[in-house]
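Worksheet: one structure, shown below.
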Amino acid sequence: MKLIFKFILLIILLVYIAILSKLILFKYIPLSQIVEHFNFTYDEYHWRDNNFVPFKTIYFYMYLADINLSIRIANLAGNIIGFSPFGFILPLLSRRFQKLRRVILSTFCLSLAFEMIQLVFEFGSFDVDDLILNTLGGILGYIPAKIFLMTAVNRSQNKNA
């Protein structure tokens, strides 16, 4: 039973990463044109469109942007919510990820991989604030997983006692 649960979680994780990849990397590109989009050209405009200053985009959306509230929330909360499942699934899938530090590192690395791919292949723009928000999402996903695991261990111990 436990092996089947882990296998199902692994399938869910793979589907989740595929969906996340489409939403992050290929949101403006139809799937039929993805291969055509891989290029290594230097475009000065693209490099200026990236954000390497921490909290610049977060501050912009919270205080400066002249856009409606739903767009602000979608841009900030979307990054957090998008990576919460990753922080939730990892500790359930493997004991190695039952420590917060490992979930933080794993979420940061996945987010960094997405940001670097966007930067190099010009699928979007690199934003250091996305790294911050995505990692926060992983942390917030970890919390209910940890509570679930602690509850399951307590039930198991009470059942055996």
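The values are calculated or read from the model by the stated rules, or taken from the named source; none is laboratory data. No experiment lies behind these values; they were computed from the predicted model shown. Neighbour counts run over all protein chains shown; Cβ positions are idealised from the backbone, glycine included.
Worth pointing out:
- Residue satisfying all of: in the stretch 109-125; at pLDDT 95 or above and crowded, with 17+ Cβ neighbours inside 10 Å; nearest to Thr57 (Cα to Cα) among these: Glu115
- Contact annotation: no residue pair with Cβ atoms under 6 Å, 6 or more positions apart or on different chains, pairs a residue in the stretch 58-79 that is under 24 Å from Ile19 (Cβ atoms) and at pLDDT 85 or above with a partner that is among the β-branched types (Val, Ile, Thr) and outside any loop (DSSP other than H, G, I, E, B).
- Residues being among the β-branched types (Val, Ile, Thr) and touching a residue at least 60 places away in the same chain (Cβ under 8 Å) - total across the stretch 127-137: 2
- Number of residues in the stretch 59-104 that are more than 28 Å from Leu13 (Cα to Cα), among the aliphatic types (A, V, I, L, M) and surrounded by 13 or more Cβ atoms within 10 Å (Cβ to Cβ): the value is 1.
- Within the stretch 61-91, being in contact with a helix residue (DSSP H, G or I) (Cβ under 9 Å, 6 or more places away or on another chain), among the hydrophobic types (A, V, I, L, M, F, W, C) and assigned to a helix (DSSP H, G or I) holds for Met62, Ile71, Ile73, Leu76, Ala77, Ile80, Ile81, Phe83, Phe86, Phe88, Ile89, Leu90.
- So Val128, is it within 15 Å of the chain's Cα centre (by Cα) and over 30 Å from Ile11 (Cβ atoms): yes
- Among residues of the stretch 1-15 that are over 17 Å from Leu90 (Cβ atoms) and among the β-branched types (Val, Ile, Thr), none has a beta-carbon under 8 Å from a residue that is modelled with pLDDT of 95 or more and assigned to a helix (DSSP H, G or I) at least six positions away or on a different chain.
- When the stretch 128-148 is filtered for residues that are touching a Pro at 6+ places or on another chain (Cβ under 7 Å) and within 17 Å of Arg96 (Cβ to Cβ), the ones remaining, listed by number, are Gly141, Tyr142, Ala145, Lys146.
- Exclusive hit being closer than 13 Å to Phe86 by Cβ, assigned to a helix (DSSP H, G or I), at pLDDT 95 or above and not hydroxyl-bearing (Ser, Thr, Tyr), set Ile132, Ile104: Ile104
- The stretch 114-127 - residue that is in a helix (DSSP H, G or I) and in contact with an Asp or Glu (Cβ under 9 Å, 6 or more places away or on another chain) and, of those, farthest from Lys99 (Cα to Cα): Gln118
- Neighbours by Cβ (under 6 Å, 6+ apart or cross-chain): first from the stretch 108-126, farther than 25 Å from Ile139 by Cα; second aromatic (Phe, Trp, Tyr) and surrounded by fewer than 19 Cβ atoms within 10 Å (Cβ to Cβ): Phe121/Phe38
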